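*Asks:* Starting off with a structure, shown below.
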Ligand SMILES: Cc1ncc(COP(=O)(O)O)c(C=O)c1O
């Protein structure tokens with residue numbers, strides 16, 4: 001698999017060129033509104049002093065970092081505000097490769113392709129640990145795969161693409177593997193507001209010096225275009241305290257700082273948004289999961305109902321998840337999904353559908369017509 005060339009656009013462009021109406025279930029961009037505070041924050045910002053239009057502090061504007069620190073119960077000096085979870089993952093993975101012995105990054109299969117692309121880009125070795133049939137990651141399998149060469153272990157919960165949620169025990173076990181093998185656990189928690197199981201846990205709760213948690217407002221506030229994310233590094237007075245210094249330097253040399261208006265809008269949105277916004281998004285997605293999975297049941301597809309996030313990974317009878325079949329589904333059924341092959345080999349027979357479209361019902365009907 002060529003992970004260095006992102007494949008999402010390839011499928012989206014094919015769908016856009018199709019000679020018929022297509023329901024786009026490829027992209028992971030939310031189709032719902034951000035919290036009202038985002039728009040209000042942007043408006044307020046536009047009327048600010050010229051001084052506020054200049055560089056932000058490199059690690060992020062103070063009130064935003066304070067909010068993030070409070071949410072995770074950590075001190076503010078552990079946080080770098082980044083350009084999305086993508087940059088946070090980049091800082092964490094490069095920091096792990098530099099700061100720990102070994103050249104290997106351990107990933108899960110199926111994998112969010114940008115982790116694998118980044119590992120290749122950084123010229124790291126990669127080892128993939130397959131998940132079980134339900135998408136669960138067995139920490140013992142991670143332990144068995146990790147060795148003296150392992151510098152970084154990357155996990156993601158709620159998971160893209162499987163929809164699996166790792167609970168507190170799983171997270172603690174993964175952090176223990178990282179400690180025992182002298183590696184860094186990078187825990188991408190960008191979908192943590194989309195938990196339907198009640199079991200989601202942050203790796204930060206393990207209190208391990210071998211954990212960096214990454215996150216963003218991209219999905220939780222439906223603002224993927226704003227590019228506001230963050231990484232929470234280990235305590236600065238502990239054995240891995242230098243990780244944040246190196247990450248801050250790398251972030252500064254690359255970006256100087258993140259976008260100040262975007263950080264301001266997010267800060268204001270945090271101050272004015274209550275839990276009902278996140279509950280509303282979860283309710284919307286639960287209803288879509290219901291509709292979509294109902295259609296999958298009707299055609300005898302094999303899938304695991306997502307416990308979190310907004311993707312469903314599906315195996316249709318005699319219709320493997322190749323790029324060729326993804327294109328066929330666009331042309332013949334009018335539904336665009338992502339080939340499982342883009343996420344590694346463990347689910348190469350599946351297709352991944354994103355529920356971030358108001359047309360889930362139409363897609364469900366089309367799939368029933370096509371496979372029924
Ligand atoms: C698992 C995972 N991590 C990170 C990202 C990227 O997040 P951001 O847009 O905040 O960079 C995505 C986007 O789809 C994702 O699925």
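Let's see how each residue does on (1) more than 19 Å from residue 346 (Cα to Cα); (2) touching a residue at least 24 places away in the same chain (Cβ under 8 Å); (3) crowded, with 22+ Cβ neighbours inside 10 Å; (4) within 16 Å of the ligand (Cβ to nearest atom):
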residue: 125; (1), (2), (3), (4): no, yes, no, no
residue: 128; (1), (2), (3), (4): no, yes, no, yes
residue: 141; (1), (2), (3), (4): no, no, no, no
residue: 148; (1), (2), (3), (4): yes, yes, no, no
residue: 154; (1), (2), (3), (4): no, yes, yes, yes
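*Asks:* Find the strands (runs of 3 or more DSSP E) located wholly in the range 151-255 whose residues include 1 or more that are more than 17 Å from the chain's Cα centre (by Cα), and list them.
*Replies:* 184-188
*Asks:* From the list 300, 258, which one is touching a residue at least 12 places away in the same chain (Cβ under 8 Å), farther than 22 Å from residue 156 by Cα and in the same structural domain as residue 186 (by TED's automatic domain parsing)?
*Replies:* 258
*Asks:* Restricting the search to the range 19-43, which residues are assigned to a loop (DSSP other than H, G, I, E, B) and in contact with a strand residue (DSSP E or B) (Cβ under 8 Å, 6 or more places away or on another chain)?
*Replies:* 22, 25, 26, 27, 28
*Asks:* Tally the residues that are within 16 Å of residue 204 (Cα to Cα) and part of a loop (DSSP other than H, G, I, E, B), restricting the search to the range 65-117.
*Replies:* 3
*Asks:* Given the structure, is residue 220 surrounded by fewer than 20 Cβ atoms within 10 Å (Cβ to Cβ) and in the same structural domain as residue 164 (by TED's automatic domain parsing)?
*Replies:* no
*Asks:* Given the criterion closer than 30 Å to residue 226 by Cβ, in the same structural domain as residue 57 (by TED's automatic domain parsing) and touching a strand residue (DSSP E or B) at 6+ places or on another chain (Cβ under 6 Å), identify the matching residue among 89, 83.
*Replies:* Going through 89, 83 in turn, just one is closer than 30 Å to residue 226 by Cβ, in the same structural domain as residue 57 (by TED's automatic domain parsing) and touching a strand residue (DSSP E or B) at 6+ places or on another chain (Cβ under 6 Å): 89.
*Asks:* Further question: Which ones in the range 62-86 are within 16 Å of the ligand (Cβ to nearest atom) and in contact with a helix residue (DSSP H, G or I) (Cβ under 7 Å, 6 or more places away or on another chain)?
*Replies:* 64, 79, 80, 81, 82, 83, 86
*Asks:* Could I ask something else about it? Tally up the residues in the range 75-103 that are over 21 Å from the mean Cα position of the chain (by Cα) and buried (at least 18 other Cβ atoms within 10 Å of the Cβ), please.
*Replies:* Number satisfying all stated conditions: 2.
*Asks:* Can you tell me which residue in the range 331-372 is nearest to the chain's Cα centre (by Cα), limited to those that are free of Cβ contacts under 8 Å to residues at least 40 places away in the same chain and under 21 Å from residue 19 (Cα atoms)?
*Replies:* Across the range 331-372, the extreme among qualifying residues is 333.
*Asks:* Report yes if residue 192 is in contact (Cβ under 8 Å) with a residue 12 or more places away in the chain, closer than 22 Å to residue 231 by Cα, surrounded by fewer than 24 Cβ atoms within 10 Å (Cβ to Cβ) and in contact with a strand residue (DSSP E or B) (Cβ under 8 Å, 6 or more places away or on another chain), otherwise no.
*Replies:* yes
*Asks:* Taking the condition of being in contact with a strand residue (DSSP E or B) (Cβ under 8 Å, 6 or more places away or on another chain) and within 11 Å of the ligand (Cβ to nearest atom), how many residues in the range 195-226 meet it?
*Replies:* Within the range 195-226, residues that are in contact with a strand residue (DSSP E or B) (Cβ under 8 Å, 6 or more places away or on another chain) and within 11 Å of the ligand (Cβ to nearest atom) number 5.
*Asks:* Go through the range 256-268 and give me each residue that's in contact with a strand residue (DSSP E or B) (Cβ under 9 Å, 6 or more places away or on another chain) and in a loop (DSSP other than H, G, I, E, B).
*Replies:* Answer for the range 256-268, where residues must be in contact with a strand residue (DSSP E or B) (Cβ under 9 Å, 6 or more places away or on another chain) and in a loop (DSSP other than H, G, I, E, B): 257, 258.
*Asks:* Hey, among 16, 69, 46, which residue is surrounded by fewer than 23 Cβ atoms within 10 Å (Cβ to Cβ), touching a strand residue (DSSP E or B) at 6+ places or on another chain (Cβ under 7 Å) and either at pLDDT 95 or above or not assigned by TED's automatic domain parsing to the domain that holds residue 240 (or both)?
*Replies:* Criteria check complete, one pass: 69.
*Asks:* Would you say residue 97 is closer than 17 Å to residue 211 by Cα and within 15 Å of the ligand (Cβ to nearest atom)?
*Replies:* No.
The values are calculated or read from the model by the stated rules, or taken from the named source; none is laboratory data. What you see is a predicted model, and the numbers here were worked out from it, not measured in a lab. Please note: Cβ atoms are built from the backbone with ideal geometry, for glycine as well, and neighbour counts cover all protein chains shown.
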